[in-house]
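For reference, the structure is listed below as structure tokens.
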Amino acid sequence: MAAALQQRARAPAAGRRSVSVAASFNVSVRPYTLRKGDTLESIAKKRGFTVQQITSINHDANPDKVKEGQTILLPASGLSSRDKEILEGIGSVYRIYPVRKGEALADIIAKRSITRAEIEALNANIKLDKLKEGQLLKLPANKFTVREREMLIGSGILPPEFFQATKNPFVLGVGALLMVCGFVMAWQRFYDEESADADEEDEERLAKA
């Protein structure tokens, strides 16, 4: 997605302003570590591309023999709905995390090396031992799972320095940190406009049918 944003300006649809974003890095593929239950078909379907696209950049990947923990390459522009939720939650002080079905607090904090004290400080009014699917939690801004970091860095959405800067703003400087967050917001707006334009085109085709 960041590659598509590189020095790219879009003509505005009616009633909407255009967005132009310049990324400082450019990628076409990104790493992805398979989770339990993943198949090449499920990975491709969630991100809007084909199994053939995956195997074309992973010549040794056998669609029938992939396993949990295996790392493959994916087209960098393909993001799942969960990837987009993670992206939308990014902030400079904390990030918003939607609880997944069946997740308990222990699952969330263990995978991200978050302490109970950290999570309690950010969510004072939430019953942390009775989480529900879709409930929004505040997490430390720089605490991500391995897969989340792979997605954010590999897609060119965030530079590796972001994870240090959120822990210590003086690593990049406060101004640079705010610029990174601004880039994320611009990316979100760009994506929303892309989706809206696609919906309008679908409606026009249906009307002519």
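The values are calculated or read from the model by the stated rules, or taken from the named source; none is laboratory data. Predicted model, so just to flag it, every value in this text is computed and none were measured. For neighbour counting, all protein chains shown are included, and Cβ atoms are generated from backbone atoms with ideal geometry for every residue, glycine included.
Find the residue count for the stretch 17-49, including only residues that are assigned to a loop (DSSP other than H, G, I, E, B) and either modelled with pLDDT under 90 or not hydroxyl-bearing (Ser, Thr, Tyr) (or both). Walk me through how you get there before you give the answer.
Applying the first criterion (assigned to a loop (DSSP other than H, G, I, E, B)) to the stretch 17-49 yields 17-19, 22-28, 34-39, 48-49.
The next check asks that each one be either modelled with pLDDT under 90 or not hydroxyl-bearing (Ser, Thr, Tyr) (or both); those that pass are 17-19, 22-28, 34-38, 48-49.
So the count comes out to 17.
In the stretch 136-179, what count of residues is obtained for those that are in a loop (DSSP other than H, G, I, E, B) and at pLDDT 95 or above? If you could, list the steps in order and put the result at the bottom.
Pass one, the stretch 136-179, residues in a loop (DSSP other than H, G, I, E, B): 141-145, 155-160, 166-173.
Now narrow it down to the ones that are at pLDDT 95 or above: none.
Residues in the stretch 136-179 being in a loop (DSSP other than H, G, I, E, B) and at pLDDT 95 or above: 0 in total.
Confirm whether residue 82 is closer than 15 Å to residue 35 by Cα, in contact with a strand residue (DSSP E or B) (Cβ under 9 Å, 6 or more places away or on another chain), of a type in the set (Lys, Arg) and surrounded by 14 or more Cβ atoms within 10 Å (Cβ to Cβ). Explain how you work it out, then say what you get.
Values: closer than 15 Å to residue 35 by Cα: yes; in contact with a strand residue (DSSP E or B) (Cβ under 9 Å, 6 or more places away or on another chain): yes; of a type in the set (Lys, Arg): yes; surrounded by 14 or more Cβ atoms within 10 Å (Cβ to Cβ): yes.
Against the criterion (closer than 15 Å to residue 35 by Cα, in contact with a strand residue (DSSP E or B) (Cβ under 9 Å, 6 or more places away or on another chain), of a type in the set (Lys, Arg) and surrounded by 14 or more Cβ atoms within 10 Å (Cβ to Cβ)), residue 82 qualifies.
Return yes or no: is residue 84 modelled with pLDDT of 90 or more, within 16 Å of the chain's Cα centre (by Cα) and among the basic types (Lys, Arg)? Let's see the steps before the verdict.
Working: modelled with pLDDT of 90 or more: no; within 16 Å of the chain's Cα centre (by Cα): yes; among the basic types (Lys, Arg): yes.
When the stated conditions are applied, residue 84 does not pass them.
Give the residue that is surrounded by the most Cβ atoms within 10 Å (Cβ to Cβ), with candidates limited to residues of the stretch 114-127 that are in a loop (DSSP other than H, G, I, E, B) and at pLDDT 95 or above. Spell out the reasoning first.
So the first thing to find is which residues in the stretch 114-127 are in a loop (DSSP other than H, G, I, E, B), and the list is 114-115, 123-127.
Next, only the ones that are at pLDDT 95 or above stay: 114-115, 123.
On the way: 114: 16, 115: 11, 123: 18.
Among them, the one singled out is 123.
Cβ-Cβ under 6 Å, sequence separation 6+ or interchain: first residue in the stretch 146-158 and on the phi > 0 side of the Ramachandran plot, partner at pLDDT below 80. Which pairs?
Listed pairs, sorted by first residue: 156/2; 156/23; 156/25; 156/27.
I'd like the residue in the stretch 90-113 that is assigned to a loop (DSSP other than H, G, I, E, B) and surrounded by 13 or more Cβ atoms within 10 Å (Cβ to Cβ) and, out of all such residues, is modelled with the lowest pLDDT. Reasoning before the result, please.
Within the stretch 90-113, the first condition is being assigned to a loop (DSSP other than H, G, I, E, B), and the residues that meet it are 90-93, 99-104, 113.
Still in the list and also surrounded by 13 or more Cβ atoms within 10 Å (Cβ to Cβ): 90-92, 99-100, 103-104.
Working: 90: 86, 91: 82, 92: 77, 99: 95, 100: 92, 103: 93, 104: 94.
If we take residues in the stretch 90-113 being assigned to a loop (DSSP other than H, G, I, E, B) and surrounded by 13 or more Cβ atoms within 10 Å (Cβ to Cβ), then 92 is modelled with the lowest pLDDT.
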